[in-house]
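Trainee: Have a look at this one.
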Amino acid sequence: QGDSCCNPDSMGYISNLLSANLNNTVYIHSVRLAPTEDDDKKAGFFGIAMDQVDAVCKDLAEISELRNRFNAIGFSQ
């Protein structure tokens, strides 16, 4: 909580680090709960977790790069 998926100084940095160390050969998707960085932070505190899980599952189901199978890394912000 208190962070966002794409903050360039935290989770965004981790995404870029992974991508660079994997020679940009993998698809990386950071889960975003809201359209802006500020709203994404707020959603971690004030969102309804079950609604967020449902929304993220629907979003992930639409990503073609994740359709057949994927590996995942999870961080709790």
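Trainee: Looking only at the range 40-57, which residues are open to solvent by 100 Å² or more (accessible area, probe 1.4 Å) and in a loop (DSSP other than H, G, I, E, B)?
Mentor: Passing the criteria: only Ile48.
Trainee: Moving on to the next point. Assess whether Leu60 counts as being within 17 Å of Phe75 (Cα to Cα) and in a helix (DSSP H, G or I).
Mentor: Criteria met by Leu60.
Trainee: Return only the number of the condition from (1) open to solvent by less than 90 Å² (accessible area, probe 1.4 Å); (2) basic (Lys, Arg); (3) not in a helix (DSSP H, G or I) that Arg69 does not satisfy.
Mentor: Of (1) open to solvent by less than 90 Å² (accessible area, probe 1.4 Å); (2) basic (Lys, Arg); (3) not in a helix (DSSP H, G or I), only one is false for Arg69: (1).
Trainee: Among the residues of the range 1-39, write down those that are on the phi > 0 side of the Ramachandran plot and either open to solvent by less than 50 Å² (accessible area, probe 1.4 Å) or part of a helix (DSSP H, G or I) (or both).
Mentor: Answer for the range 1-39, where residues must be on the phi > 0 side of the Ramachandran plot and either open to solvent by less than 50 Å² (accessible area, probe 1.4 Å) or part of a helix (DSSP H, G or I) (or both): just Gly2.
The values are calculated or read from the model by the stated rules, or taken from the named source; none is laboratory data. Because the structure is predicted, anything quoted here is derived from the model rather than measured. Surface accessibility is based on the protein's heavy atoms, side chains included, excluding ligands, DNA and RNA. Shrake-Rupley method; radii C 1.70, N 1.55, O 1.52, S 1.80 Å.
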